[in-house]
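K.L.:
My questions will all concern the structure given below.
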Amino acid sequence: MSTAGWSDEECSVIGDKAEIGFLDFEQEKSVCSYGDCEGVPVIVSAPFAFVDGKPRSVFVGDTAVDLITVRNTTDEPVDLWGVHIFASNPKDSFTLSLTEPPSENSNAEEDQSCLESFSLEDRVLQPRENLKIWLSCKAKEMGMYSSVVYFDAGDEKIERVVFLLIEDKISKSLASNKPYSRARRKDKFVVDTYVAGSRPAGKPTRRYVNRLPKYDIPRAMRELLESNQVPQVVEEGLTRRTYSSYFKALIIMEEIQLEEDMRTYDMESVSMRKRNNQFLSMEVPGLAERRPSLVHGDNIFVKLASRRGNNTTQVYQGFIHRVEADEIYLKFDPGFHYYHRDEYVYDVHFTYNRINMRRLYQAAEAAENLGTDFLFPSTSSKKRHIKTTALVPISGTFNEEQICSIKMILGCKGAPPYMIHGPPGTGKTSTVVEAILQLYKYHKNARILVCAPSNSAADYVLEKLLAQQDIELKENEIFRLNAATRPYEEVKPEIIRFCFFDEMVFKCPPVNALSYYRIIISTYMSASLLHAEDVARGHFSHIFLDEAGQASEPETLIPVSHLCTMNTVVVLAGDQLQLGPVIYSKKADEYGLGVSYMERLSEVPPYASGDTNYVTRLIRNYRCHPAILHLPSKLFYCGELIACRDSTTFMTMGELLPNKEFPILFQGIQGCDEREGNNPSWFNRIEASKVIEVVRRLIAGGNIKEENIGIIAPYRQQVSKIKQTLENLDMPDIKVGSVEQFQGQEKEVIIISTVRSTIKHNEFDKVHCLGFLSNYRRFNVAMTRAISLLVIIGNPHIICKDDHWSQMLWYCVDNSSYQGCSLPERVELYDDEDTGENPCLTEDNAEWGQDSSNNAEWGQDPSNNAEWGQDSSNNVEWGQDSSQMGLPKPVYDEAEWSDGWRSIYMKMKDSLAEVPMV
């Protein structure tokens, strides 16, 4: 930052100091008005005025010039004591001159006539004189350029803040074509009565033995929540006696929020076209990204837009018969098809499929049949001691901790659940797969259910089982259970042979067929089909719950509550310090729905104490370069993770790294975060272009292929912009996605675009738990996906406000691996009890952020003596009016990632002595 011509005693009126590290164009304003102000002796014009509220854009390599006029409005001479370039970022990028700088085509004589400097000498402004000063900026690198020009005139001190956005062809191509405007709140689409549509035809199927109840939300409960009150059972906390009613209330909160969120997808004045005299088709923007998520068999409601506001307008129901990209094919009542004309336009109301919510209600209800050892093992008076035997691994070589966990699982006789805590890259899934193979080979009576939170995670377990070569897995003994709504074409050929389907629609076979399989693999949600087919409680000897930290407790209990006896061995595998469940209702999250079953158990004895009869902690990382692993290990796992990957397997990065021994590069850049149209998601085209630049340099080196690279961004629109650019450059094999889409995955190279470049938007993110900041779990996952190289692209002045990101920034600086814009002032942030910044407690016996001194049952409150909500078929009220606490309004101004991300820090701060906050 240049301060040429500036004395140490003088300070900026804006910064109140002699050095300004970062200027935010959303916040910084000039000290005096730009226009003619009565009584103001000297008026200074604004150089490089904003266009549509944004800084002017200049191409890299160009020189931008603008005129500043200094006007003496008085009839007396005024001393202009000096004009200074107070601060330029990048350093020395702005200059002053009293003659107009020459153009690119000027001759040498013209070039010499223009003298540029960082300050102008004092002079006298004659009465009514206009002094012309030219301000120039040489655009050498991409980013937001800024400066402060200081005028000392008479008794006035005037400053003008200057911003220019320097970009290249790629960033320019990503510029918004339509300014952002907050979408108008649509009129509420009320459906009281409607004309039913035509359901998709299907072959007659047998009815499930155990049918899923409707679980309609009781009117009294809905009214209670819609009046911003909290049910008494929720306020009193989770206990053994109120377990079912507590979680049912939280699920209702979540469902009401989902109803409200679905309204944001409603459309107005939409046309439909006739298709094959059978269907009407409608385009739904965002459908391909599942925004909204619509599948075969779902229904929507429509009414003529021309009669909007007329409460008597007929509403028609339409069923979805086919989904293609951004288009749905619908069938309504035959009369609707007869009178429809393609030029008609309709208002559309989307509905969401309640089946998964109903499964959660059912699981919470069925949990009443589970023993205390499953729900509250910390209260058990019995001390478990598992007897183990010698183990010969089947599928490879395993370390000490992995062998211990496999032995414990094989020796376990039933409840409480056994837990494998697997930090990033520690071989958690490999350990689970080995335990399954041991049971399959040596325990012929074992019946194994494996569940994961997503189809991709469940498929991955099956792929790992099939990949081993040491024992033969009989094809007719393994079954991959899929939901009927899963697209057939989504399933890989090597997996489809383990599925059951009819005409490309997945189905669940009858109970006699299910009973024959020795290994069944499913998602948590689809596991409810096993109960529907009346698979007996206790049929499965072992239930493995993989990635258990990502699912809410009711979701995790779908297989457990229906299928377990006290003799069933339940294994929880995951990491509660990585991403957790997606919860849409902030109030439900605040009261515990966002706490996974695994996380809740891990916070109480005997799990918190690390007793190997209950939990094994894997500590050997086989993924990351030691330098990449160092900081996450220090921040989240008390420095206990050990980098064990063979150092000869790491890829070399050519000339990209300034420190070739340090595989993390922080590329500092001050860009501009913006939005476009009615899309509330953020993007930063300067950072997007820098990402592409890094990708090109990596591929040009010859060692890195497209499929080795992963790009992570925290906002959907940034992901979209980067994908769009890569496709235009014919680089489609580079995976681009959110942190959530990368959890459980790894790439040789990970490039992270942090997007944020303005302070006020950063604060918005903190309040609503968006983006990368204020979410230590998202930081943890993002930092641990890379094997050989991690590149972070972002504004250091923004992300340094967060403790974890600040530590990463200075970690790179200290290892001579920072490039780019000027750095902020270094401020050490302390891990103390007040800030709750560090999950690793300082006591000798503290384990990985668990406070083992807390022996109280989680959330227990014995004061509640009223059972409620046991039967959804009657009108029992689910809750009492005991609070005036307000439910939060949906955040319509930011539809990204708020989408349910919880205020994790505030929740954990109450239960832990010291907790990380990002």
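K.L.:
Amide H neighbours of residue 68 under 5 Å, counting only residues 5+ apart in sequence or on other chains, H built in-plane at 1.01 Å?
P.N.:
Excluding prolines and chain starts, which carry no amide H, the hits are 133, 134, 135.
K.L.:
Mean projection of the alpha-carbon convex hull of region 42-167 over all orientations, in nm²?
P.N.:
The orientation-averaged projected area of the Cα hull of region 42-167 comes to 8.1 nm².
K.L.:
If you find the alpha carbon centre of region 531-598 and of region 653-716, how far apart are they in angstrom?
P.N.:
Cα centres, region 531-598 to region 653-716: 37 Å.
K.L.:
Convert 37 °C to kelvin, take the viscosity as 0.692 mPa s, use the Kirkwood radius over C-alpha pairs of region 626-763 as Rh, and evaluate the Stokes-Einstein diffusion coefficient in µm²/s, rounded to a whole number. Don't skip to the answer; put the middle values down first.
P.N.:
Numbers: Rh = 16.5 Å.
Diffusion coefficient, whole number: 199 µm²/s.
K.L.:
Given points 7 Å out from each Cα along the Cα-Cβ axis, report the residue 290 to residue 262 separation in nanometres with one decimal.
P.N.:
Reported label-point gap for residue 290 and residue 262 is 1.6 nm.
K.L.:
How would you rank 525, 566, 253, 731, going from fewest to most other Cβ atoms within 10 Å of each one's own Cβ? Before the final figure, lay out each step's value.
P.N.:
Working: 525 21, 566 13, 253 25, 731 16.
Ordered by Cβ neighbours within 10 Å, fewest first: 566, 731, 525, 253.
K.L.:
Note down the relative contact order for region 390-535 as a percent, whole number, built from C-alpha pairs under 8 angstrom at least six residues apart. Each step should come with its number before you reach the end.
P.N.:
Details: 156 pairs, mean separation 37.3, N = 146.
Relative contact order here is 26 percent.
K.L.:
Also, I was wondering about something else. Mind listing the long-range amide H neighbours of residue 615? Cut-off is under 5 Å, sequence gap 5 or more, other chains count too, H placed in the peptide plane at 1.01 Å from N.
P.N.:
Hits under the 5 Å cutoff: 419.
K.L.:
Which of the GluC sites (Glu not before Pro) found in region 411-509 are loop residues per DSSP with 14 or fewer other Cβ atoms within 10 Å of their Cβ? Provide the component values of the computation, followed by the final result.
P.N.:
Details: sites: 434, 463, 472, 475, 477, 489, 490, 494, 503; in loops: 472, 503.
Here the sparse-neighbourhood loop sites are 472, 503.
K.L.:
Let me ask another. Relative to the present Cα-Cα distance, how much length would full extension add between residue 536 and residue 50 at 0.36 nm per residue of separation? If you can, show how the numbers build up before the last one.
P.N.:
Numbers: separation 486, 0.36 × 486 = 174.96 nm, distance 6.94 nm.
Net length gain for the segment: 168.0 nm.
K.L.:
Please arrange 412, 451, 137, 499 by counting, for each residue, the other beta carbons lying within 10 Å of its beta carbon, fewest first.
P.N.:
Values: 412 22, 451 28, 137 25, 499 15.
So the ranking, lowest neighbour count to highest, is 499, 412, 137, 451.
K.L.:
Roughly what % of DSSP beta bridges within region 626-820 run antiparallel, to the nearest 5?
P.N.:
Working: 2 of 23 bridges.
Taking every DSSP beta bridge within region 626-820, about 10 percent pair in antiparallel fashion.
K.L.:
List the pairs from 178/760; 331/586; 690/735 whose alpha-carbon separation is above 27 Å, in the order I gave them. Intermediate values should be presented prior to the final figure.
P.N.:
Values: 178/760 22 Å; 331/586 36 Å; 690/735 17 Å.
Beyond 27 Å between Cα atoms: 331/586.
K.L.:
How about residue 157: which lysines have a C-alpha closer than 25 Å to its C-alpha, ignoring those fewer than 8 places off in the same chain?
P.N.:
17, 29, 91, 132
K.L.:
Could you give me the ³J(HN,Hα) list for region 777-789, computed from phi with Karplus coefficients 6.51, -1.76, 1.60 and θ = phi - 60°, whole Hz, x at Gly and Pro?
P.N.:
So the Karplus estimates, Gly and Pro as x, are 5, 5, 4, 4, 5, 4, 6, 10, 8, 7, 8, 10, 8 Hz.
K.L.:
Taking the simple approach of a point 7 Å from Cα along Cα-to-Cβ for both residue 177 and residue 612, what is their distance in nm?
P.N.:
6.4
K.L.:
Starting with the highest mean, order 180-187, 505-512, 687-694, 88-95 by the number of other Cβ atoms within 10 Å, averaged over the residues of each peptide. Please list the in-between numbers first.
P.N.:
Numbers: 180-187: 11.6, 505-512: 15.5, 687-694: 25.0, 88-95: 20.9.
Highest-to-lowest ranking by the protection proxy: 687-694, 88-95, 505-512, 180-187.
K.L.:
Same structure, new question: When only C-alpha pairs under 8 Å and at least 6 residues apart count, what is the relative contact order of region 42-167, in percent?
P.N.:
Answer for region 42-167 is 38 percent.
K.L.:
What share of Cα pairs, in percent, lie more than 18 angstrom apart in region 113-178? If you can, show how the numbers build up before the last one.
P.N.:
On the way: 1210 of 2145 pairs.
Every Cα pair in region 113-178 considered, those over 18 Å come to 56 percent.
K.L.:
Moving on to the next point. Please list the non-local residues whose amide H lies under 5 Å from the amide H of residue 450, H modeled 1.01 Å from N, same-chain partners needing a gap of 5 or more.
P.N.:
520, 521, 522, 544
K.L.:
Sorting 801, 444 on the 10 Å Cβ count, fewest up front, what's the list?
P.N.:
On the way: 801 19, 444 8.
Fewest to most other Cβ atoms nearby, the residues stand as 444, 801.
K.L.:
Once phi is turned into ³J(HN,Hα) by the Karplus curve 6.51 cos²θ - 1.76 cosθ + 1.60 with θ = phi - 60°, what whole-Hz value does each residue of region 739-756 show in order, with x for glycine and proline?
P.N.:
4, 4, 6, 9, 4, x, 10, 8, 9, 4, 10, 10, 10, 10, 10, 7, 6, 5
Taken together, the values in this text are just the output of simple stated rules run on the coordinates, not laboratory data. Just so we're clear, the structure is a prediction, and the values are computed from it rather than from any experiment. Cβ sites come from the backbone with ideal geometry, for glycine too, and all protein chains shown count toward neighbours.
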